Each structure stands twice: as structure tokens, then as C-alpha cells.
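J.: This structure is in C-alpha cells; I'll ask about it shortly.
The values are calculated or read from the model by the stated rules, or taken from the named source; none is laboratory data. None of the values given here were measured: they were computed from a predicted structure. Neighbour counts are summed over all protein chains in view; Cβ atoms, including those assigned to glycine, are modelled from backbone coordinates with ideal geometry. Side chains are part of the model used for accessible areas, which takes the heavy atoms of the whole protein and leaves out ligands, DNA and RNA. Shrake-Rupley method; radii C 1.70, N 1.55, O 1.52, S 1.80 Å.
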Amino acid sequence: MEEKILTRDFGLKNLFKIEVYLRQSGYKAVEKALQQMKPAGILDEVKKANLRGRGGAGFPAGVKWGFVPQKTDKPKYLCVNADEGEPGTFKDRYIMSHNPHLLLEGIIIASFGVGIHSAFIYIRGEYEAIAERLEGAIAEAKAKGFLGKNILGSGFDLDVVVHRGAGAYVCGEETALLESLEGKRGHPRLKPPFPASIGLFQCPTVINNVETLANIPFIILKGADWFVKKGLPKDGGTRIFGVSGMVKNPGIYELPLGTNLRKIIFEAAGGMKDGKTLKAVIPGGMSAPILRADEIDLAMDFDSLAGAGSMLGSAAVIVIDEETPILEVLKAVAKFYSHESCGQCTPCRIGTSWINKIVGRIAAGKGEKDDLDAIIRLAENIKGKTLCPLGDAAALPILSICRKFKLELEGHLSR
Amino acid sequence: MVKIFIDDRELEVSEGLTILRAAEGAGIPIPHFCYHPAFAPEGSCRMCLVEIEGLPKLELACSTVVREGMKVHTASEKVIEARKAVLEFLLAEHPLDCPICDKAGECKLQDYFEAYGFFESQFKESKEKREKKVRISQNLILDRERCILCTRCVRFLNEITRTQDAGVLDRGIHSEIAIYESEFIDNNYAGNLAELCPVGAITDTDFRFKTRAWFLVKKESICPLCSRGCNIFVDFHPGFARIPMAQRVYRIRARENPDVNQFWICDFGRYHYSYLDQGRQDKILLKKQGRDTELSWEKALLIITEKIKSLFLFKKRSRVGVVLNTWLTNEELFLADKIFRQELSVENIYVVDPPSEKGDCFLLTEERTPNSRGLKEIGLPGLTLDLGKLAAQTDLLLIFGSFLVDRFNLADIKIAFDRIGTKILFTAHKSALDSLVDVVVPTQLIAEKSGSLSNVIGKVQSFSPALYNSSGLPEWKLLLDLAKELKVNYKYFWQLNSPQAILREMGREIPFFK
């Protein structure tokens, strides 16, 4: 059932080395793009492929690139979002550690397509070994002439720099990432202006997730039509699902977009661990609203999940079994967002902390009758009213947990 | 221009304007904490959220630019609920110590709670404990529990003073405003922070615990302490029976004027207000052989005019000397020029000002008087004073201001003054000069009288009395009385019966004052 494109060669020994990668027809996409295609052609191909962003929001990558002004006297930048902070998500680390050159190929083609000569990989600080691997790969690519000046004689120059983050979840939000990359406090910016017009160092900037860029070489080599066929018409390609929690075989599974969630859990990941019963699934990283066990007959794509009141997010599937008290899940979510709120805007800074304090009190056995209503009211007051998406990321899962598991949670409150 | 609708009111507003500005221009207030017109929108307090037809979420009024046909609702149920929610969040972690907070009465959090809140607190948890008394500058104290993290202070120090003294440390609920360890904010504009703070997080030790905001009367004036002419508010105690009137003025605050001082004043102007109350002359005194006799203004005027008349009678016109200064208003300098130089043909007109000091390249100028530009534009050729020459050629000296003591050694002044027959001093403050003259006449300060000043960039700014002073007389009045008593050009001076009338006449004669 797996459809391996990005992860096809992951089993290969030393794939991260450029000699091995070249033997797997590596950098062929770069050769094709730089030698046979024009930037506009690349943009068209990616637009036609309906490649939607793999970071979480699912914004079409080609459209995003198209927002960057063609003619500008400022330099343009590409920032690769490798912050991967969403709890439950561990797909990008696989791509970067197993196949760093695939990402580099994506970076080179994207940069060529948009007219960028400096790219930054913003990688989460904990991924130190992976950062070193990326730096090794960049050095190899440079030595082979795939990076640096006049790549493959095309006249196109590109430098890639790896920048390590300092441990804030919010720096995965694209504008906070830019601030952090500029050496400032990682606070999200007010939008508009959007990074495509005013981004890194006030210059036009493209920000793409690692997995998004890793798809680009295949779109270039095999064409947009092929890519769309691998997924859904409006949502091309495959997705790397990271399945964790109470399943027999947690790990990453590359599957076509639109694969049924029940199949992912019970077939790909081998079903529930130790014969436990499924209770709930968080389908797209912690910020996605929770699904009950009876709601998992769902196609895993952006639109289907949105229709079910949740979201595909980073495609991190967190599986929760019957024995796990839902209060523990709520506690983990509330604590995480309270801890990771950057503190810039009022509803998120105080709201997430307030909710965390109430949940903590409930967990300490001092829950009061109206506590659940209070949490729902506070989360509603955060939802849609914050400066960046972190507020919604906190409010939505909390609301869904409180509403879908009301009875169980009420059991913790004094009557 | 674009056409928009705010609360169903059709408005024509200029392109590029934000909703908040457009609404304020139409008299529709939109509550906000972090937004300040001096800075780019920050969008972090979330208080200014408004409803825009066709958009699913509430949008920021402070940063959203108006578009043709946009329909904005600033008072819909959704908007009011959102404001309530922001207030509930802010107040949940607020110490609510208004009874001991100096901002009470002029606090945005208080005002907005009154306007949009009035809810019972649902907060059952324990509030975060934070430091309540962090000294951040010579005069400023930061209370982190009261802070709502609007970051106005941080942005002021980044964008206006560019000293970058403060920032936000830590994250989430633990976020707090901080300065560099053991390094105070040290610039001449730090005092603005207490005013800029929308709540009581930054308070000024100069004002702290001394009075309550609602006891103060707030009147407009111009700061006379340098030639910038910053627009200010003088906040003073009108006083009630149980408080003796030793101190009237409790603080000086900046008053917005985009052409002169924007939203700010310097600390020099902010904190040096004691001169308004301390060391004031309050009686007209005749000083004779170490004895002071109180005089009426009519009597004093008679002494002066008799002396002038007798000198003129004996053809000693040239033995009259006048010392002016540029604390005098445009009108006063104009009158002095008209009466002494043009009508009485007095030749020895001197200008004695306090010495210049270092400016700060922003608002504070080197000249420490408010109207040297006015003097220049009137064209009064003020001579530099030489004590020896003065003594040799003067029988009657009319001295405005006590700045001679800033310029000359007191012993030297005494030697010179002993050789001058009659010395009349018009001054607002007591000084060592008092004992060297024959008559002292108390005058009013800029904050107490009407008139206009010409600032360093040539802007003529009119002002009205902020403070009441019954014991001193404004110099324009003294000069007019003198002109009347001497019966010089009666027709001309008769119509100049107020500073406004004098300025109008000046406008007719000197294009600069038009």
C-alpha cells in the first residue's frame, strides 16, 4: 500500500553521501531544470503539480513562489523550514538525515525558479547531528559544482547556509522563523506584509517546508501530471505520515494523499499495540483537533480533514488507546502551548497559561463543576483572535478534546 | 480618497490610512493599548479588533488599511465580546492594585474596563508573582505585575532614543520587560516612558505617591526652558483648604505637536518645574537702607516715570538703560522695542540671558531661553552688557529678569550698581540681585501669562495662562502701563490692550509674525 517516492531509497546504505546519491540518478533533476528549463517553466510545472505545503497549512507551493516579485532591486531569499517543532512530527528529520541531497536538489531548483541566490536551512537546534550531515552534504554538492558559482555552467549561483534554531516552537511559524534567522527574538510578525514581498532582512522571501522541497525534483523529472496522479487532483503527490503512539509499528509511512486513516493505523502501522482498543487519534500533529475512534474512516488529505473539523497539518498521526485518560492528553496539550506561547499577544500569552492552570488543578483533583465550561470559553476567546496561528493551534485541539470527551472529563470535576 | 463605512457612517478618508486612524478622525474611538501613533502598528494587545464585512475573523484596526467600500463595525456584539475577552485576559494576571497605583484615574486598563468590561472575575487560579519595584532609570520604577506587555517602552527606546536599553525577556506568561543588568536607562527622554505606559507599570518617582491624577487640573502651556518651545501640559493642584499652597505644580507632561516635539519632551523640561513655585517674588518692594517697604504698582510706576521724566527734562535721555532677556514673549519684546528704542530713543538696551548649555541633538537646544528667535525677528539690536561702561553711562536702569547673576560676579555687579542712581528690577524670582536694586517688581512666568514665543525653527506659538498668579504682573502689562503713564504715542498703545492685539499689530508690521 505504500507509495514510496521520497523515501524510495531510504534503505540504501550511505545514501547521504553524494557518490551513492549520484548513482541513484541523483541531481538529474537539477541538470534538467538548469540546462533544459526556464525559471517560468519550473514555476508552471510546480503550479500544475498542485503541490501543497507539507509544513501544516497546506498552501500551494507554486502559488507561493508566484507571489515573489520577478523584478526587484533587492536580493531574494529562500528559507527552508526545518524547525519541525509540531509534537508528533518526525518526517523532516528522516528526509534530512537519510537523503540530504534530495532536499538540496529541491532547494536548487526552487531557487533557480524564483531567482534566488541565497538559501537558508533553519533547522531546529536539537537536530545537531542532522545539521552537521546537511553541512557535509552542502560541502559535497559544492565540490561537485551543484552549489556555488555558475552551477553546471548555467550561470546560476546559489549558496546554502544551515542555521540552527534555539528551541522555540513558535520559530516554526514562518515570520517568527525570519525574526530568529535575523538574530532577533523569535516573535511572529504582523501580516501583511507577507514574506513574499517583505521577508528576511526586509527582502522578498520564499519559505518552504523540507518535505515540500523534497518533492520538487520528482515533479521536475517526471512531470506535474505524473505527480498529480500519485495523489489527488487538488492535492498532488504523497505524504509522509509519521505514526506514533499505541500502534504496533510506529514510524514514517509514505502514502498517497487521501489514504484512509483507519488503513494507516491498522494496516500500515500494524494496528493497535498489545491488543489495546483505539480511543482517539490526533491526525495532523498536536495542533490538529482530535478525532474519536468512530471518526477515523477518513481520507487523509487537506480538504477531507477540514471537512471533518480537523486538519492534516504535518500529517503526524498520534494514536491514543482506551487506557490513556483523556485528561492526560489535555494536560499535555495545555502544558505544551502554555510553555511555547511566545508571549507577544494577549489572548495567547494569558489564555494558554490560564487554561493550563485550570487543567493542572483538575489533574490535581481539585476540579470544579464549571471548569470545563471555563476552558471552552477561554479557548473560544483565543481562537481567531491571536497575532499568529499558535493561538488557534492551542485553542482548536483543546476545544475538540473538551467537547468530544466531555463526559470523561466531567468525571474529574466535583459535582 | 476612498469611501468607507464605519458603523454605517459614510466617510471619505485618505488612502493608506488605517481603520483606527480613520475612525479616530471621525470621532469614533477604538480602544487600544499597544498602538501609538509614533510607532508602526504592533498588533499584540488585540484590543482594537473590529469586524469587517466579508471577512471571517475580526481584524486589527491599528494595522488594517482602508479599502474602497470597506464596511467596518466597531461596536457590534462580536467586537464588544472580543474586547471583553482581551480585558478579561489582561485583568486575570493584573494585580488590581489601583488604590495604590499612580496611574489610577488615567489608566487605559481602568478606562476600558469601565467602558467594555464590568464583569465578575472568573479567575480562580493564583496569579503570577513578579517583581513590583524594579528601578529602570534614575526616576523610573517598573512594576512587572501591572505590565501588559504592550512594548511601547521597548519601541520608544528602539525607535525614538535609539538607545535600545530595554527588551522582553523570557517567554509566554513569564515574558517580562527588562533592561540590561545593573545598567539604567540613561538618556534625556526616559521620563516619557511613564507617560507612554498605558497602565501603571512604569511610574515616575518624581510623581509617585504624591497626589492622585484626579486632583490635578491639566492646562496647556509651552515649555520655556530652551528654544524648542515644546508643547506641554502643566498639571497642578488647584488646592483645597487643608493643603497649603506651597506646591502647585506636580508634573509637566508632553502635549502632542507634530511640528515641534511630536509626542515627547525632554527630562530637563519635564523635571525642572520647581521654578514655577519656589523662590518666587510676591511683593513689590521699595528697598531703602536695608528696609523693605511694600509698594503698590501705581506707586512703583510713579517712581519710575518720575525718574524718566526728570532725566529727559535735564536732557539726560542717554543715561537711561534697559536690560532685557529672551524669556520675554514676542509681544513684550515688541513693546520694549517700541517704547524704549523707538518712542523714548533709549540707546542703551542690553540683552542678558542665561548662558548657553549643551543641547542633545533632539529636542533640547543650546539656548536656554524660549524666545531668542523672537528678539531677532523683531529686530531689536540688544547690546552686550559691560558692567564698567554701564556704571559710567547710566542713571536709571530698568532690569528685566535676574540673569545678570548668571553672567557676572555679584561683587562686580555691586560695584557697578553703586554708581547707578536708580535700579528697578522686574523679576519672577528672588535672587542676590534683589538687595542691590531700589525697587523689585514681581512678574509672571510663561505658564502664568498670555502671549507667544518664536521657537528655534521659527514657529510662533501662542499660549494662555495655565497657572493663576495674583501677585505678579505680566511684563506686557507693565510696559503698557509705563507707556500710558509717560503718555507716549497714546493712540498707538491704547489699542494694544492684550497680547492678542499686540500680536495682530506685529503681524501688520513684521511679516514673520503674520
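J.: Quick check for region A:326-410: number of Lys pairs with alpha-carbon distance under 22 Å, counting only pairs 8 or more apart or on different chains?
T.: Lysine pairs meeting the criterion: 25.
J.: Another question, if that's okay. Counting only DSSP beta bridges with both residues in chain A, tell me the antiparallel percent, nearest 5.
T.: Details: 17 of 39 bridges.
Antiparallel bridges: around 45 percent, rounded to the nearest 5.
J.: Which aspartates and glutamates, if any, have their Cα less than 18 Å from the Cα of B:K210, not counting same-chain residues under 8 positions apart?
T.: B:D97, B:D102, B:E106, B:D143, B:E195, B:D235, B:D277
J.: How far apart, in nanometres, would the label points at B:K414 and A:F266 be if each is projected 7 angstrom from Cα along the Cα-to-Cβ direction?
T.: 11.0
J.: Among all the lysines, which ones have a C-alpha under 17 Å from A:K276's C-alpha, if same-chain residues fewer than 8 places away are not counted?
T.: Counting by Cα, and skipping residues close in sequence, A:K276 has these lysines nearby: A:K248, A:K263.
J.: Which helices count as membrane-span-like in chain A under these terms: full DSSP H, at least 18 Å along the axis by C-alpha, Kyte-Doolittle mean of -0.5 or more? Show your work: numbers first, answer last.
T.: Working: long enough: A:100-114 (21 Å, 1.59); A:128-143 (23 Å, 0.05); A:210-222 (19 Å, 1.28); A:326-340 (21 Å, 0.45); A:346-361 (22 Å, -0.11); A:390-404 (21 Å, 0.91).
Helices meeting the span and hydropathy rule in chain A are A:100-114, A:128-143, A:210-222, A:326-340, A:346-361, A:390-404.
J.: Of the peptides B:480-490, A:26-36, how do they stack up when ordered by the mean number of other Cβ atoms within 10 Å, highest first? All intermediate terms of the calculation are to be shown ahead of the outcome.
T.: Values: B:480-490: 16.5, A:26-36: 19.3.
Going by the mean number of other Cβ atoms within 10 Å, highest first, we get A:26-36, B:480-490.
J.: Can you give the Rg to Rh ratio for the protein assembly as shown, taking only C-alpha atoms and Rh from Kirkwood? All intermediate terms of the calculation are to be shown ahead of the outcome.
T.: Details: Rg = 37.5 Å, Rh = 33.1 Å.
Ratio of gyration radius to Kirkwood radius for the protein assembly as shown: 1.13.
J.: Setting aside same-chain residues fewer than 8 positions from B:K283, which aspartates and glutamates have a Cα under 16 Å from its Cα?
T.: Cα-Cα hits under 16 Å: B:D292, B:E294, B:E298, B:D434, B:D438, B:E475.
J.: Then there's this: Taking only protein heavy atoms and a 1.4 Å probe, what accessible area per residue, in Å², does chain A have with all protein chains in place? Don't skip to the answer; put the middle values down first.
T.: Numbers: 15480 Å² over 415 residues.
Ligands and nucleic acids excluded, the result is 37 Å² per residue.
J.: Partner chain Cβ atoms within 10 Å, averaged over the residues of A:179-185 - can you pull that number for me? Mind dumping the intermediate values first?
T.: On the way: counts 0, 0, 0, 0, 0, 1, 5.
Average per residue, whole number: 1.
J.: Using only the alpha carbons of region A:326-410, what is the convex hull's orientation-averaged projected area in square nanometres? Each step should come with its number before you reach the end.
T.: Details: hull surface 18.4 nm².
For the Cα atoms of region A:326-410, the hull's average projected area reads 4.6 nm².
J.: I would also like to ask the following. Do the alpha carbons of any pairs in B:K299/B:K484; A:K279/B:K84; B:K287/B:K477; B:K307/B:K487 sit beyond 26 Å of each other, and which pairs?
T.: Working: B:K299/B:K484 14 Å; A:K279/B:K84 37 Å; B:K287/B:K477 23 Å; B:K307/B:K487 14 Å.
Flagged as over cut-off: A:K279/B:K84.
J.: Moving on. Ranked highest first by the average count of other Cβ atoms within 10 Å around their residues, in what order do A:272-278, A:39-45 fall? Present the calculation step by step, with values, prior to reporting the outcome.
T.: Numbers: A:272-278: 13.9, A:39-45: 17.6.
The densest-packed peptide leads the list: A:39-45, A:272-278.
J.: What does the highest-first list of B:278-291, A:382-395 look like by mean Cβ count within 10 Å? Kindly include the intermediate steps, with their values, before the conclusion.
T.: Working: B:278-291: 13.4, A:382-395: 24.2.
Put in order of decreasing packing, that is A:382-395, B:278-291.
J.: Related question: Let me have the 222 nm mean residue ellipticity of chain A computed from DSSP H runs of 4+ only, each contributing -39500 (n - 2.57), with the sum over all residues rounded to the nearest 500. Let's see the in-between values first.
T.: Details: 16 runs with 167 residues, N = 415.
One gets -12000 deg cm²/dmol as the mean residue ellipticity at 222 nm.
J.: Which listed residue (A:G284, A:I264, A:A379) has the Cα farthest towards the positive end of the charge dipole for region A:263-383, taking +1 on Lys and Arg C-beta and -1 on Asp and Glu C-beta about the Cα centre?
T.: Of the listed residues, the answer is A:A379.
J.: Using a 1.4 Å probe on protein heavy atoms only, how many Å² of accessible area do B and A hide from each other, summed over both chains and rounded to 100? Numbers along the way, then the final one.
T.: Numbers: alone 24300 and 16810 Å², together 38400 Å².
Approximately 2700 Å² gets buried when B meets A.
J.: To continue, here is another question. If you count, for every residue in A:380-389, the Cβ atoms of partner chains within 10 Å of its Cβ, what is the mean? Present the calculation step by step, with values, prior to reporting the outcome.
T.: On the way: counts 2, 7, 3, 1, 5, 8, 3, 6, 1, 0.
What the average comes to for A:380-389 is 4.
J.: Of the heavy-atom accessible surface of chain B (probe 1.4 angstrom), what whole percent is carbon and sulfur? Could you put the intermediate results ahead of the total?
T.: Numbers: 11720 of 22920 Å².
It is 51 percent, rounded to a whole number.
J.: Assuming R0 = 51 Å, can you tell me the calculated FRET efficiency for the pair A:D157 and B:I457, based on Cβ-Cβ distance, to the nearest 0.05? List each step's numbers first, then the result.
T.: On the way: r = 50 Å, r/R0 = 0.98.
Computed FRET efficiency for A:D157 and B:I457: 0.55.
J.: Shape of chain B from its Cα gyration tensor (a ≥ b ≥ c, root eigenvalues): rounded if a/c is under 1.5, otherwise prolate when a/b > b/c, or oblate?
T.: Details: a/c = 2.73, a/b = 2.07, b/c = 1.32.
Prolate, because a/c is 1.5 or more and a/b exceeds b/c.
J.: Once you average over the residues of B:166-173, how many Cβ atoms of partner chains fall within 10 Å of each Cβ?
T.: Numbers: counts 0, 2, 5, 2, 1, 13, 15, 13.
So the per-residue partner count for this stretch is 6.
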